[in-house]
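Enquirer: Could you have a look at this structure, given as structure tokens, before my questions?
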Amino acid sequence: QPWRSKIAVRTMHYEESSQATKWQLSSQAELNSLRERSNRRAREVLSTCGDNFESVPADAGGGDVKMEDVSKEGGDSQKNMTNNPCEVYGFAETRGDPPKATDLGDDIIDSQQLMQESDPNYGPNRTSKTRGNHPLLTPGDESAFVTFYCSKIPSLIAICRRSAKVAATACLLFRRFYLSNSVMMHDPKTMLAAAAFLATKVEDCSVTVRCLEKGTKEMSAPVLMNDILDAEVKFIKGIDFDLLVFSPYKTVLACTEDLRTFLKSDKGRGLITFSGQDGEDRQLAGEDLRPIHDAAMEICDDVIVSDIPLLFAPGEVGLAALMIANECVSGSGDEASSSVDIMGYVRSRFQGTVDAASVDAVTCRVSKLSEMIRELKEGKYGCGNYKVDMDTLKGLNKKLKKCRAWGSPDKNESKKKKKKRKTEDS
């Protein structure tokens, strides 16, 4: 067609994308700062407002912390938000000037903790008197809720029979939203469903909103269709209408395919060793790298629900996952296993095409990232797949119910009236 020749097709590189230039944070300190600011905005509103917001009564109970119990009134939350001035903040308008990132990422792993109530600059810590003078969530409390709900996204995506790539997109979008917004103002359960719904469209494998509603019911955490649709509009605004997401799964697949070719070349033949008596003489077969590939994919399943995608590029995450997977497979004792020098592959692969300083910078960051990924099984860096303290979440859930701006205040009252009527009838 004549018109085809006039269209310039150009592939976007990651470095040019908004994920690299806007959403990839420079350090843990910057991530903590963003969470503290969003929490502070919510605390200032809830500590000064009167009865402009509807909330759950102060005597609302707690209960075991499950998807359905952390936000029992989630089905009505977004409906109530339309009647409340719970403003949705975009990331760009609240971030400010980001600090400059170092080339080697020396400060990206920062031990700085989130601000505590004991800090002299903490600000208000209780709701207004007209709202019951209840304790407000701290930045650490909110981070615990975001971690908990983000870890549930892959389960919802799996129920809808969509791939892990969709789950990675939904998790990252969900965490982006709560960089500039608070769980005290916006129900995380409803926003979770909105993130999943939006991610299926972004990855071109959309599901019906009815399917998502059914999925939340299967998880015993029902979110109504209308609430998902209403939340989606607010959710998109909270992420600056920016839907571009890169995930580490594609990096793992691409690197594995490239390794299959490179390790057969003269340049890369010495980078792989095989277990067993005939290992030195054997050639690389097509399935030799499958155990490493599969193990790396499982590692990425933990990474996508953590804070790491906000701090590192998906290419770095993919390489680090392959490094750890290679160590696990080679140390398994399986006679058919193989071991690959991943860092040697990176250096040899780009020798002569990229300057040595850039390669050293990448290998340094990937090495530090691999240390972080190993600690995910300890529940660090916001990974909610391991060691979640449910007793602590139960207490935070009670605290949230008394200070949140969303939720139906009449639900518990209606239950009490029904019980009273049953008692009177009997």
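The values are calculated or read from the model by the stated rules, or taken from the named source; none is laboratory data. Quantities reported herein were computed from a predicted structural model and do not represent experimental measurements. Note: ideal-geometry Cβ built from the backbone for every residue, glycine included; neighbour counts use all protein chains shown. Each accessible area value is taken on the protein alone, full model and side chains, heavy atoms only, with ligands, DNA and RNA left out. Shrake-Rupley method; radii C 1.70, N 1.55, O 1.52, S 1.80 Å.
Enquirer: Counting only residues that are farther than 16 Å from ARG404 by Cβ and among the hydroxyl-bearing types (Ser, Thr, Tyr), which one in the stretch 170-225 is surrounded by the fewest Cβ atoms within 10 Å (Cβ to Cβ)?
Expert: Checking each candidate, the answer is SER220.
Enquirer: With respect to the numbered conditions (1) more than 26 Å from the chain's Cα centre (by Cα); (2) surrounded by 20 or more Cβ atoms within 10 Å (Cβ to Cβ), which one is the sole condition not fulfilled by PHE350?
Expert: (2)
Enquirer: Among the candidates ASN385, ASN397, single out the residue that is at pLDDT 90 or above and closer than 15 Å to ASP141 by Cβ. If you could, list the steps in order and put the result at the bottom.
Expert: Values: ASN385 fails: closer than 15 Å to ASP141 by Cβ.
Residue meeting the stated conditions: ASN397.
Enquirer: Another question about this same structure. Applying the selection to the stretch 298-317, what residues are more than 22 Å from PHE145 (Cα to Cα) and touching a Cys at 6+ places or on another chain (Cβ under 8 Å)?
Expert: Answer for the stretch 298-317, where residues must be more than 22 Å from PHE145 (Cα to Cα) and touching a Cys at 6+ places or on another chain (Cβ under 8 Å): just VAL317.
Enquirer: Additional query: Write out, first by first residue and then by second, each pair whose Cβ atoms fall under 8 Å of each other, whose residues are 6+ apart or on separate chains, and whose first residue, in the stretch 122-147, is closer than 13 Å to ARG37 by Cα while the second is among the charged types (D, E, K, R) and part of a loop (DSSP other than H, G, I, E, B).
Expert: THR138/GLU117
Enquirer: Now a separate question. Within the stretch 46-65, identify whether any single residue is open to solvent by 20 Å² or more (accessible area, probe 1.4 Å), of a type in the set (Asp, Glu) and at pLDDT 60 or above, and answer yes or no.
Expert: The initial filter retains those residues of the stretch 46-65 that are open to solvent by 20 Å² or more (accessible area, probe 1.4 Å), namely 47-48, 50-52, 54-55, 57-59, 61, 63-64.
If we keep only those that are of a type in the set (Asp, Glu) too, we end up with 51, 54, 59, 64.
From the residues that got through so far, the ones that are at pLDDT 60 or above too are none.
Within the stretch 46-65 (the criterion being open to solvent by 20 Å² or more (accessible area, probe 1.4 Å), of a type in the set (Asp, Glu) and at pLDDT 60 or above), the answer is no, since none of the residues qualifies.
Enquirer: Yes or no: ASP230 more than 16 Å from the chain's Cα centre (by Cα), touching a residue at least 12 places away in the same chain (Cβ under 8 Å) and within 21 Å of PHE91 (Cα to Cα)? Steps first, please.
Expert: Working: more than 16 Å from the chain's Cα centre (by Cα): yes; touching a residue at least 12 places away in the same chain (Cβ under 8 Å): yes; within 21 Å of PHE91 (Cα to Cα): yes.
For ASP230, the condition - more than 16 Å from the chain's Cα centre (by Cα), touching a residue at least 12 places away in the same chain (Cβ under 8 Å) and within 21 Å of PHE91 (Cα to Cα) - is met.
Enquirer: Provide a single number: the residues in the stretch 349-379 that are touching an Asp or Glu at 6+ places or on another chain (Cβ under 8 Å), farther than 16 Å from ILE304 by Cα, touching a residue at least 60 places away in the same chain (Cβ under 8 Å) and not charged (D, E, K, R).
Expert: 1
Enquirer: Could you list all residues from the stretch 244-267 that are touching a residue at least 60 places away in the same chain (Cβ under 8 Å), open to solvent by 70 Å² or more (accessible area, probe 1.4 Å) and closer than 12 Å to TYR345 by Cα?
Expert: Answer for the stretch 244-267, where residues must be touching a residue at least 60 places away in the same chain (Cβ under 8 Å), open to solvent by 70 Å² or more (accessible area, probe 1.4 Å) and closer than 12 Å to TYR345 by Cα: just LYS267.
Enquirer: In addition: Across the stretch 146-165, what is the number of residues that are of a type in the set (A, V, I, L, M, F, W, C) and over 12 Å from the mean Cα position of the chain (by Cα)? Break it down stepwise before answering.
Expert: Of all residues in the stretch 146-165, those of a type in the set (A, V, I, L, M, F, W, C) come to 146, 148, 150, 153, 156-160, 164.
With the extra rule that they be over 12 Å from the mean Cα position of the chain (by Cα), the set shrinks to 156-160, 164.
So the answer is 6.
Enquirer: Out of curiosity, is LYS394 free of Cβ contacts under 8 Å to residues at least 60 places away in the same chain and touching a Gly at 6+ places or on another chain (Cβ under 8 Å)? Can you show your working first?
Expert: Values: free of Cβ contacts under 8 Å to residues at least 60 places away in the same chain: no; touching a Gly at 6+ places or on another chain (Cβ under 8 Å): yes.
So LYS394 does not fit the description; no.
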